[in-house]
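Here is the structure we will look at, set down as structure tokens.
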Amino acid sequence: MTDPDAPVVAPPVRHDSYVALRDPRFRSYILSIFCMTLASQLQAVVVGWQVYEITHDPLSLGLIGLAEALPFIAIALPAGYVADRWDRRKICVWAMVVLAICSLSLLVLSAVPGMLARVGAAPIYTVIFASGIARSLLQPARIALSSELVPRAVLPNAIAWRSSSWQTAAVAGPALGGLLYGFSGAAASYSVDATLMVIALVGMLVIRYERGEQAITQDSAILSSLVTGLTFVFGEPVILAAMALDLFSVFLGGAEALLPVFASEILKVGPEGLGVLRAAPAAGAVVMGLILAHRPPLARAGRSLLIAVALFSLTIIGFGLSTSFFLSLGLLAVSGMADAVSVNIRSTLLQLLTPSEMMGRVSAVNSVFVGSSNELGAFESGVAARLLGAVRAVVLGGVAALVVVGATARLVPRLRRLEKIS
């Protein structure tokens, strides 16, 4: 017999790994991210190899990052205000129109015989500068838009799928760029780049989106509104520490900008090898992203974040010392796996702890941190390589990133003790 006084135990809730993908709007969003990332990663390989072929100077590779970082950082905070005040999908669409025009401009520059040989790399830097403006406007609007397409309870799953789709494209993009450039030349590569950008634009256009009430803010001065976003971030020590950890670890430990030097002079694998090297971190991140998407949110998230960034730093040190192409590939793949854990935890923290009406501004602050780490990190790598050589620059950068991890763990115990986030 059944005891009528026995407590009723609810059946365990089964984790649905595909809950976010069941929404057709989110599927269109993912398609747009995938195609745009594929295009931008393809473009990055071709631009890096072209510029290094023209200049044979590692500093010129750093200047690519600087050309994109300056407008990105200058506009990021106002872009967050715009994302909270106006239609987020329309902002994404117009920014992607500009990115498509930039891809077409690179195609024209490469298709005209002898043009870059006559004028040098300056036109490429100009196009990258313009794309930095567009990306700065796109980033906070696109992140804030994703938080409106799915319920907040589904956000961890949506973030995992968004990250894995980005990383999948980041695997295919560099490999495709290296192969296209090696076998067909720059013009064919940029043709594919422009086509993918147009597909990404169409994917964003077909999303059925009605702006929610929570996305509409009251009239306020732009300066005070931006200060509100900054105040929120600096008032949340866990979010601030996670952002700062990403900023300094990638700024100091990033080796991506110098991959053309390693591919050309140390590993001697040409543009095809460069594409594979650029794809390796993303390949590792895809594997880890799929693992994260198929499991519940990480327990002991703070400790996992610190360990992931420490592992990332160690793999960068190993890459700098390696003279084996396959060992270098393996180390870069592991660095991507570690970075995927870091990105997943930081993104989940950002979207779960931030009110929807502030998501654009807070995402803009995050974009400043992330944009600074990637693009300014590329410039720092170029300067360090000019002064110290590529190998020393990468190794010392990885050591410095390890120091940052230790300092963060000590100075922000709340992050270190952070448990499961969901």
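Can you put Asp246, Asp57 in order, fewest other beta carbons within 10 Å first? Walk me through the numbers before you get to the answer.
Numbers: Asp246 23, Asp57 16.
Taking fewest neighbouring Cβ atoms as first place, the list is Asp57, Asp246.
Name the residue farthest towards the positive end of the dipole of segment 45-153 from the options Leu59, Val119, Ser105, assuming +1 on Cβ of Lys and Arg, -1 on Cβ of Asp and Glu, about the Cα centre.
Checked the options; the winner is Ser105.
For segment 165-181, just list the computed ³J(HN,Hα) in residue order, Karplus coefficients 6.51, -1.76 and 1.60, θ = phi - 60°, integers in Hz, with x standing in for Gly and Pro.
Per residue, the Karplus-derived 3J(HN,Hα) values read 5, 4, 5, 4, 5, 6, 7, 6, x, x, 4, 5, x, x, 5, 4, 5 Hz.
For segment 43-172, give the magnitude of the charge dipole about the Cα centre (Cβ charges: +1 Lys/Arg, -1 Asp/Glu; no others), in debye to the nearest 20.
Numbers: 9 positive and 6 negative charges, 86 e Å.
Computed about the Cα centre, the dipole is about 420 debye.
Starting from the coordinates of the alpha-carbon atoms of segment 149-203, obtain the Kirkwood hydrodynamic radius over all distinct pairs and give the value in Å to one decimal. Walk me through the numbers before you get to the answer.
Numbers: mean 1/r = 0.0765 Å⁻¹.
Mean inverse Cα-Cα distance, inverted, gives 13.1 Å.
When a footprinting reagent is the concern and you count Cβ atoms within 10 Å, what order do Thr168, Thr231 take, fewest first?
Details: Thr168 19, Thr231 10.
Ordered from fewest to most neighbouring Cβ atoms within 10 Å, Thr168, Thr231 come out as Thr231, Thr168.
Each residue of segment 256-263 in turn: what ³J(HN,Hα) in whole Hz from Karplus with 6.51, -1.76, 1.60 and θ = phi - 60°, glycine and Pro shown as x?
Rounded to whole hertz, the list is 4, 5, 8, 4, x, 5, 5, 5.
Given 0.36 nm per residue, what is the gain on full extension from Ala74 to Leu205 after removing their alpha carbon distance, in nm? The partial results should precede the final answer.
Numbers: separation 131, 0.36 × 131 = 47.16 nm, distance 2.72 nm.
Net length gain for the segment: 44.4 nm.
Going by how many other beta carbons lie within 10 Å of each one, how would you line up Arg88, Arg25, Arg346, fewest first?
Values: Arg88 26, Arg25 17, Arg346 23.
Fewest-to-most Cβ neighbours within 10 Å comes out as Arg25, Arg346, Arg88.
Just so you know, all these numbers are worked out from the coordinates, no wet-lab data involved. Because the structure is predicted, anything quoted here is derived from the model rather than measured. Glycine gets a Cβ as well: all are built from the backbone with ideal geometry, and neighbour counts include every protein chain shown.
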